[in-house]
Amino acid sequence: MHCLRWLLTLALLACLGATAAAADPAKPKRLLLVTTSDGFMHDSIGVAEQVLKEIGPKNGFEVTCFRYTKDPDAKVTVKRKVNDKEEEVETTALEKYSEQYRRTTGEKDKAPEEVTKEQCGRINADTLKKFDVVLFFTTGKPITEAEEKDLVAWVKAGHAFAGTHCATDTLYTTPYGELIGALFQTHPAQQKVRLKVEDPKHPGAKGFSDGMDYFDEWYIFREAPYSRDKLHIILSMDPSTFKPNYVRKDNDYAISWCHEVGKGKVFYTSMGHRRETWRDPKFQESLIGGLKWTLGQAEGDATPSSKLAKDK
């Protein structure tokens, strides 16, 4: 009997220790950055990875990067010169993607990087269990329909998701569009605009001040699913300083927002097109603030902006 009690006591202490460890606020949060570009590939995705690996640990994040989230061994054909003639040759999807990655992300005075199998991964239920927050800097269809369902379910269950820039130029489907908050319509040429800080108290607004000028490539979003009835707008732009190539009916040009999805939280910023943006401490502070908000590590309002306007 005494032996049984002793074993039960040990088991209880082990469980309590595991719970305490899981709730330890000092333990780094596991951040997964996904940069698969199934559509347009931004030359800043490599810099985004470098920056997050540098500033992540300083802010309590353990950073993992998936550069490719599709089947690396799939067979594809590419055009290459063979004996001075252009011919179609068979290769793997990973090798084709790696070639594009080298060409697009390479910088002067730096050797171009490859995409290896060690930098590949699938976004499914098993993978998501290993992370606390997922950050998309993606285009096209980086995940399958089944994986999209896993991602949405994971967030709704109480987890954290975030996106930068072209994360809204990804998966033009209702579930994902509702998750990220909006879908890309178009963008004009890069330009300087005057920022409107709609919620200066939100951690996702850190680094920026109302009336500040900022230069980047600014997205204009489709009429739906974007809605101030659902989203808490953090940053937007003064439309009088913006030269759009498509005019929204509501003249509403949001930059960043957050919202709650089920028990989970989502943060998005359309900044991040340029390498210089990722290297800017102001942008870094805003992004880290938004990520910490999704994890409940920083307080911030998520009330839809239209409701706040009505309550004034």
Checklist outcome for this item: The correct count of residues that are assigned to a helix (DSSP H, G or I) and farther than 18 Å from F40 by Cβ in the range 150-176 is 9
Next on the checklist: Suppose we filter S286, S306 for residues that are assigned to a helix (DSSP H, G or I) and either out of contact with any Asp or Glu (no Cβ under 8 Å at 6 or more places or on another chain) or closer than 12 Å to P203 by Cα (or both); which single one remains?
Outcome noted: S286
Checklist entry - What do you reckon, is L52 modelled with pLDDT of 95 or more, assigned to a strand (DSSP E or B) and either out of contact with any Ser or Thr (no Cβ under 8 Å at 6 or more places or on another chain) or surrounded by 18 or more Cβ atoms within 10 Å (Cβ to Cβ) (or both)? => result no
Checklist entry - If you go through the range 192-199 one residue at a time, do you hit one that is surrounded by fewer than 17 Cβ atoms within 10 Å (Cβ to Cβ), out of contact with any His (no Cβ under 8 Å at 6 or more places or on another chain), outside any loop (DSSP other than H, G, I, E, B) and not β-branched (V, I, T)? => result yes
Checklist entry - Quick check: anything in the range 202-209 among the hydrophobic types (A, V, I, L, M, F, W, C), within 27 Å of K312 (Cα to Cα), crowded, with 17+ Cβ neighbours inside 10 Å and touching a residue at least 40 places away in the same chain (Cβ under 8 Å)? => result yes
Next on the checklist: On the basis of being crowded, with 22+ Cβ neighbours inside 10 Å, free of Cβ contacts under 8 Å to residues at least 40 places away in the same chain and more than 26 Å from F242 (Cα to Cα), does L171 make the cut?
Outcome noted: yes
Checklist entry - Restricting attention to the range 104-113, which residues are modelled with pLDDT under 95 and of a type outside the set (A, V, I, L, M)? => result G106, E107, K108, D109, K110, P112, E113
Checklist entry - Taking the range 217-270 on its own, how many of its residues are under 23 Å from T173 (Cα atoms), in a loop (DSSP other than H, G, I, E, B) and of a type in the set (F, W, Y)? => result 5
Item to check | Subset of the range 96-113 [surrounded by 15 or more Cβ atoms within 10 Å (Cβ to Cβ) and either of a type in the set (D, E) or in contact with a helix residue (DSSP H, G or I) (Cβ under 7 Å, 6 or more places away or on another chain) (or both)] | outcome: E99, T105, E113
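The values are calculated or read from the model by the stated rules, or taken from the named source; none is laboratory data. What you see is a predicted model; the values in this text were computed from it and never measured. When we count neighbours, we look across all protein chains shown, and the Cβ atoms used for this are built from the backbone with ideal geometry, even at glycine.
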